[in-house]
Amino acid sequence: MKPAIAVIDDDPQIVLSITESLSREGYEICGFTDPEKGKNEVLAAGIRIILLDLTFNNSSRQGMDLLREFVNNKNKIFIIVISGQADVKTVVDAMQVGAFDFIEKPLSIVHLKVTIKNLLERIQIEDAEQNSRNELLNRYPLISVSDKMKQVRALITRYAASAESVLITGESGTGKENAARHIHYLSARGRMKFIAVNTAAIPRDLMESQLFGHKKGSFTGAVNDHRGIFEEAQGGTVFLDEIGDMPKDAQVKLLRVLQEKIITPVGSSREVPINVRIIAATNQNINLLIKNGTFREDLFFRLNVLELFIPGLEERPDDIIPLAEFFLHEIDPKKNFSPEAKTFLQNSAYRGNVRELRNLVTRMALLTEHNLVSAAESSAAPDSKTPDSVFSFAQTMPYDQAKRRLEQMYIKKQIEKFSGNIARTAEALSVLPNNLSRKIRQLGI
């Protein structure tokens with residue numbers, strides 16, 4: 001079914017001509033000669049395509065004012081201006097305000113139909129992109145019931161409208177990457193790539209190659225040319241997590257990217273212009289790192305153009321139950337928490353913040369056979385158990401499931417011991433950082 005269209009013009013003959021012609025094409029169309037009545041009824045009906053005259057001889061309302069009101073409406077409204085006043089200044093002003101197109105009177109119905117067809121194709125593309133963005137945003141939730149998270153959401157919306165770098169700070173597990181994804185998907189770059197990089201998980205000697213690429217033969221193992229992350233993300237966003245762990249020599253190269261918008265692959269003299277937005281994140285005290293000489297102050301100023309702090313769950317307890325219910329329904333929509341389970345969840349401490357809450361809800365959901373999840377299932381939470389009782393609950397599971405649970409608990413404890421630093425955790429466990437990161441993703445930690 002073709003969409004609804006409204007015509008607002010003070011000439012009844014033009015309104016009649018357009019409505020008859022477009023009705024024959026299958027459009028649902030309504031016409032108004034009174035601009036104020038037309039505006040009110042169009043907004044009430046949720047019509048998104050309007051053919052608008054700019055001059056109303058019998059009204060104090062003028063078309064340019066209406067155009068601004070329609071364009072600034074929270075619903076996405078598309079305006080095709082139809083006017084006998086088509087001097088260069090009027091056309092330019094209308095297009096700058098936000099008109100989709102400008103058609104001069106006397107109207108060519110054929111021209112009008114082609115313009116509407118082009119507009120419908122644009123709307124279809126924009127709606128598809130918006131639906132895709134909404135799906136991605138729902139995949140990376142930022143539950144905001146508390147006042148503090150509402151403030152965070154408001155800043156994210158404002159930052160999305162900018163192209164400046166953002167530095168996100170907050171404790172481990174608060175959802176810094178989700179916040180970065182929201183900034184990206186809500187921005188003009190939202191249709192382009194978002195590439196997340198855990199800088200702490202990249203071996204020091206491979207950092208430049210991973211970020212900026214390399215030429216074949218530039219070092220042992222470089223058997224092919226390799227496009228780095230910044231080239232892969234052209235037009236999009238690079239999210240640099242754990243930026244506080246980036247080696248000093250790589251910090252110099254990143255500073256150049258921010259200043260000059262170019263990169264040089266390892267082993268190459270070719271400078272590659274790049275167009276990416278950089279969002280960085282850390283759970284460390286950057287000012288302390290600067291004072292200790294492990295982080296460049298000039299890089300900090302380049303990254304910290306826009307600052308976003310994500311509070312831990314301890315600072316926003318109102319979000320705990322809404323988050324827990326979201327995670328539970330994601331696992332099994334039929335399940336709900338008992339009042340006792342909600343009390344337990346609300347009163348628990350979450351050193352790992354949202355990530356720890358999610359893991360706890362996952363355990364509770366998987367360990368109950370009923371649709372009502374009680375507080376009893378919370379006894380499987382690793383933080384509340386002694387080693388003997390942990391192995392006791394594991395004895396009731398199949399081998400593969402018990403092995404996975406114990407791996408989750410062991411690795412999570414080790415990561416907490418090193419304050420979320422993957423590189424130091426990997427060194428303590430005698431494994432490569434990349435392998436540890438892969439295991440973390442596999443286990444859903």
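Tabulated values for the structure
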{"item": "Conditions (1) touching a residue at least 40 places away in the same chain (Cβ under 8 Å); (2) surrounded by fewer than 19 Cβ atoms within 10 Å (Cβ to Cβ); (3) under 30 Å from LEU360 (Cβ atoms); number of the one not met by ARG139", "result": "(1)"}
{"item": "Unique residue being in contact with a strand residue (DSSP E or B) (Cβ under 7 Å, 6 or more places away or on another chain) and modelled with pLDDT under 90 when the list is SER437, SER374", "result": "SER437"}
{"item": "The lone exception for GLY217 - which of (1) within 31 Å of the chain's Cα centre (by Cα); (2) more than 25 Å from SER165 (Cα to Cα); (3) not acidic (Asp, Glu) it fails", "result": "(1)"}
{"item": "Any hit, segment 226-247, residues being of a type in the set (Phe, Trp, Tyr) and either touching a Leu at 6+ places or on another chain (Cβ under 8 Å) or more than 23 Å from LEU432 (Cβ to Cβ) (or both)", "result": "yes"}
{"item": "PRO247 being over 25 Å from the mean Cα position of the chain (by Cα), crowded, with 17+ Cβ neighbours inside 10 Å and either over 22 Å from HIS184 (Cβ atoms) or in contact (Cβ under 8 Å) with a residue 60 or more places away in the chain (or both)", "result": "no"}
{"item": "Looking only at segment 29-85, and only at residues there that are small (Gly, Ala, Ser) and in contact with a Phe, Trp or Tyr (Cβ under 9 Å, 6 or more places away or on another chain), the one that is farthest from GLN13 (Cα to Cα)", "result": "GLY63"}
{"item": "Options GLY228, GLY312: the member that is over 18 Å from ILE168 (Cβ atoms) and either buried (at least 22 other Cβ atoms within 10 Å of the Cβ) or at pLDDT below 95 (or both)", "result": "GLY228"}
{"item": "One residue from SER23, SER83 being exposed (fewer than 15 other Cβ atoms within 10 Å of the Cβ) and under 19 Å from LEU119 (Cβ atoms)", "result": "SER23"}
{"item": "The lone exception for PHE295 - which of (1) of a type in the set (A, V, I, L, M, F, W, C); (2) surrounded by fewer than 21 Cβ atoms within 10 Å (Cβ to Cβ); (3) more than 19 Å from the chain's Cα centre (by Cα) it fails", "result": "(2)"}
{"item": "Residue identified as within 12 Å of the chain's Cα centre (by Cα), farther than 30 Å from GLU356 by Cβ and not assigned by TED's automatic domain parsing to the domain that holds ALA324 among GLY228, GLY236", "result": "GLY236"}
{"item": "Filter result (closer than 18 Å to LYS105 by Cβ and either acidic (Asp, Glu) or out of contact with any strand residue (DSSP E or B) (no Cβ under 7 Å at 6 or more places or on another chain) (or both)) within segment 60-70", "result": "GLN62, MET64"}
{"item": "Counted residues, segment 269-280 - those being touching a residue at least 24 places away in the same chain (Cβ under 8 Å) and assigned to a loop (DSSP other than H, G, I, E, B)", "result": "3"}
{"item": "Matching residues, segment 29-56, being closer than 11 Å to VAL7 by Cα and loosely packed, with under 14 Cβ neighbours inside 10 Å", "result": "none"}
{"item": "Qualifying residue in segment 355-370 (condition: small (Gly, Ala, Ser), under 21 Å from MET409 (Cα atoms), assigned to a loop (DSSP other than H, G, I, E, B) and outside the structural domain of LEU240 (by TED's automatic domain parsing))", "result": "no"}
{"item": "Selection count where residues are touching a strand residue (DSSP E or B) at 6+ places or on another chain (Cβ under 9 Å) and either closer than 15 Å to GLY312 by Cβ or not in a helix (DSSP H, G or I) (or both), scope segment 333-354", "result": "4"}
{"item": "Unique match (being β-branched (Val, Ile, Thr) and exposed (fewer than 12 other Cβ atoms within 10 Å of the Cβ)) among VAL92, VAL97", "result": "VAL92"}
{"item": "Residue in segment 245-254 that is of a type in the set (D, E, K, R) and in contact with a Phe, Trp or Tyr (Cβ under 7 Å, 6 or more places away or on another chain) present", "result": "yes"}
{"item": "Residue match in segment 112-123 (condition: in contact with a Ser or Thr (Cβ under 9 Å, 6 or more places away or on another chain), in the same structural domain as ASP53 (by TED's automatic domain parsing), without any contact (Cβ under 8 Å) to a residue 12 or more places away in the chain and surrounded by 16 or more Cβ atoms within 10 Å (Cβ to Cβ))", "result": "no"}
{"item": "Some residue of segment 189-200 being farther than 23 Å from GLU135 by Cβ, crowded, with 18+ Cβ neighbours inside 10 Å and more than 19 Å from the chain's Cα centre (by Cα)", "result": "yes"}
{"item": "Sole exception among (1) without any contact (Cβ under 8 Å) to a residue 24 or more places away in the chain; (2) more than 25 Å from the chain's Cα centre (by Cα) for PRO265, by number", "result": "(1)"}
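The values are calculated or read from the model by the stated rules, or taken from the named source; none is laboratory data. What you see is a predicted model, and the numbers here were worked out from it, not measured in a lab. In this analysis, Cβ positions are derived from the backbone assuming ideal geometry, glycine residues included, and neighbour counts consider all displayed protein chains.
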